[in-house]
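The values are calculated or read from the model by the stated rules, or taken from the named source; none is laboratory data. Treat the numbers as computed from the prediction; the structure is a model and nothing was measured. For neighbour counting, all protein chains shown are included, and Cβ atoms are generated from backbone atoms with ideal geometry for every residue, glycine included.
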Ligand code: UD1
Ligand code: CA
């Protein structure tokens, strides 16, 4: 169920598209669901901003049912009736509870099967049950459930119950759809509550049971910004713990932001205040120093990222060193053992093995060979105001400091460019290009000037 607006978030974006752990909330639920049930048997009920929600998870191969008007969780299932009719069993997942694990979905499904029940509710014991529906068991310690009462309709005694309804259920499909029209919207929200099925099926002498989630955190729903942040923190700490269990050192994990799809190899060290986002993969034996932000990048083994670097869509090969204060933009490929130093920006640039650009440089749309030395303050002038052009710097080239390379231009293998040159024409291999005004020295000029000043 993912059709709701998420009124309590006060957002113009649908609730299930808000991100936790670096991914839309709904994407997490879909990932867990499709580990238990094949995507072609998963149906997402969408409604509010349906197109955007559909787009966000379409790649997973799940199906969609549109609930044009969102008249409650019970109504969401009424709308899905036709799509679900061919199935014997329906598992209902709340699209706004992203911590749910495949194991817990499986547990719900197994418990449902073993108990031959018509409705099985996944419940949890919470320290603070405020806001959730409460599970009213027929008698203490027994699996049978009499009803679920929503917080707004609960009596003070019922509100004291700490066993809550997770919003995840398993149903016998035939029984569910036989009785679903008995739901009414006569309640404080004027909605059709799926939770009312517990009492309806109970009255029809059907078996309704609850099974408790082992980890109550898994069922946390994200109705408010505060709840989302809490879920995000749970997810990221779990991610750090998983990485540490696999051999990654993370100093001060509370200060790091690591998205849930990130992969990091053993013996890599992550220093405090680092962000590693999106589909980033980092090899083993790397060190990522503080204040670095890496998104959607691939970093090989033995790489050093010094403090305060920004990498986005970059690739860094084995043993390279980057930073401090480097910015690698999309399409940057830093070769094996290469060095990119402070205040160097690269974009769509390939740098060969062992090449160095250590200081204050812009390299955009450049093809740089191996063993190249790029002097401080070098700039590739890649943009003529309308189009981008390529600079080619072949193996073993030495670019003197403060040079500008006006693309399209090529510096041939082994050539030297003198400091402060403005290179507008290709430089042949093994030659020296000097493209600057020759120095003039006027000997005695200062004395002459002083003398003329004294006269006047
Ligand atoms: C629901 C349960 C509550 C439970 C809690 C657990 C009901 C009436 N209450 O409350 O007992 O403790 O979940 O988190 O079910 N949705 C639709 N269509 C709709 C309405 C909602 O698809 O017409 C979707 C929402 O997008 C959301 C999910 O269903 O993903 C749950 O709806 P929400 O409004 O968050 O229910 P809660 O108030 O949290
Ligand atoms: Ca909710």
Positions within the range 357-391 being assigned to a strand (DSSP E or B) and buried (at least 20 other Cβ atoms within 10 Å of the Cβ), in sequence order: 357, 361, 362, 363, 364, 366, 368, 374, 380, 391
- request: Would you be able to say whether some residue in the range 305-327 is under 30 Å from residue 431 (Cβ atoms), surrounded by 19 or more Cβ atoms within 10 Å (Cβ to Cβ) and at pLDDT 95 or above?
  value: yes
query: For residue 12, which of the numbered conditions (1) assigned to a loop (DSSP other than H, G, I, E, B); (2) buried (at least 22 other Cβ atoms within 10 Å of the Cβ) fails to hold?
result: (2)
query: Right, residue 68: more than 9 Å from ligand 1 (Cβ to nearest atom) and either more than 23 Å from residue 236 (Cβ to Cβ) or surrounded by 23 or more Cβ atoms within 10 Å (Cβ to Cβ) (or both) or not?
result: yes
message: Can you say whether residue 414 is surrounded by 18 or more Cβ atoms within 10 Å (Cβ to Cβ) and either on the phi > 0 side of the Ramachandran plot or part of a loop (DSSP other than H, G, I, E, B) (or both), as far as the supplied structure shows?
response: no
Flag for residue 272 being assigned to a loop (DSSP other than H, G, I, E, B), touching a helix residue (DSSP H, G or I) at 6+ places or on another chain (Cβ under 6 Å) and modelled with pLDDT of 95 or more: yes
field: Scan of the range 214-232 for residues that are more than 13 Å from ligand 2 (Cβ to nearest atom) and buried (at least 23 other Cβ atoms within 10 Å of the Cβ), ordered by number
entry: none
- request: Output the qualifying pairs, or none if there are none: Cβ atoms under 6 angstrom, residues six or more apart or on different chains, first residue in the range 439-451 and within 25 Å of residue 418 (Cα to Cα), second residue outside any loop (DSSP other than H, G, I, E, B) and modelled with pLDDT under 95.
  value: none
query: Just checking, how many residues over the range 132-143 are farther than 27 Å from residue 222 by Cβ and either touching a strand residue (DSSP E or B) at 6+ places or on another chain (Cβ under 6 Å) or within 15 Å of ligand 1 (Cβ to nearest atom) (or both)?
result: 2
- prompt: Which one of these does residue 45 not meet: (1) buried (at least 22 other Cβ atoms within 10 Å of the Cβ); (2) at positive phi; (3) touching a helix residue (DSSP H, G or I) at 6+ places or on another chain (Cβ under 6 Å)?
  reply: (2)
- request: Output the number of the condition that residue 191 fails; it satisfies all remaining conditions of (1) within 28 Å of residue 13 (Cβ to Cβ); (2) loosely packed, with under 15 Cβ neighbours inside 10 Å.
  value: (2)
query: So residue 206 clears everything in (1) surrounded by fewer than 21 Cβ atoms within 10 Å (Cβ to Cβ); (2) within 16 Å of ligand 2 (Cβ to nearest atom) except one condition, right? Which one?
result: (2)
statement: Scanning the range 279-308 residue by residue, those in contact with a strand residue (DSSP E or B) (Cβ under 6 Å, 6 or more places away or on another chain) and under 16 Å from residue 331 (Cα atoms) turn out to be 280, 281, 294, 295, 297, 298, 299
